[in-house]
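No lab work stands behind these numbers, since they all come straight from the coordinates. Bear in mind that the values here come from a model prediction, so they are computed numbers and not experimental data. Here the Cβ positions follow ideal geometry from the backbone for every residue, glycine too, while neighbour counts run over all protein chains shown.
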Amino acid sequence: MGFSEILKSAHSGWRYLVLVLLLLAIANAFSGWLGKKPYTEGNRKLNVFTLISAHIQLVLGLALYFMNNWYKVDSSIPMGRYWKMEHISMMIFAIILITVGNARSKRFDSAVAKHKTIAIYFTLALLVIVAAIYTMTKADPSRSLFGIS
């Protein structure tokens, strides 16, 4: 097994950690926002771990993108266009949303405002990620949405 295959396996497996942390952070943020709960150190750590896991996923993905020369793929083929442009741009956008949401939440003194900011930005990021996965199923019919055909 070569280095590229190890990176691909890491990137494929790490996505589950990112999704689980993102879902937990979103649920936690909505609970804090709607329940007017205090913003605790545990909330902050969950948000930071979500942010870090997403950035690690980005680094793994970028390494694969450039090592496998996916930027040279023919864009006229739907699957080539997806991997060359759509996947990378949508995922970078999702990670930007997570990063901005985490950074903006730090600017507020109000716990409700912190939770609300995380809830909105992280949910938007999750929607972009799900849209990217759905788009992948259209570009490559052999793949399915979270293993659901």
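In table form, for the structure just shown:
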quantity	calculated
Segment residue 76-residue 24, length gained on full extension (0.36 nm per residue, minus Cα span)	14.9 nm
Separation of alpha-carbon centers, region 78-149 and region 1-33, rounded to whole Å	12 Å
Neighbour-count order for 135, 40, fewest beta carbons within 10 angstrom listed first	40, 135
Under 24 Å from the Cα of residue 114 - lysines, other chains or at least 8 residues apart	36, 37, 45, 106
Within the chain: Cβ-based charge dipole about Cα centre, in debye rounded to nearest 20 (Lys, Arg +1; Asp, Glu -1)	460 debye
Length released on extending from residue 59 to residue 134, taking residue separation times 0.36 nm less the Cα-Cα span	24.8 nm
Difference of contour (0.36 nm per residue) and Cα-Cα distance, residue 92 to residue 142	15.6 nm
Relative contact order %, region 63-149, counting alpha carbon pairs below 8 Å whose residues are six or more apart	29 percent
Over region 94-139, relative contact order from alpha-carbon pairs under 8 Å, at least 6 apart, %	45 percent
Shape box of region 1-111 [Cα atoms, principal axes, largest first, Å]	50, 31, 19
Relative packing of 101-112, 66-77, which averages over residues the other C-beta atoms within 10 Å, highest first	101-112, 66-77
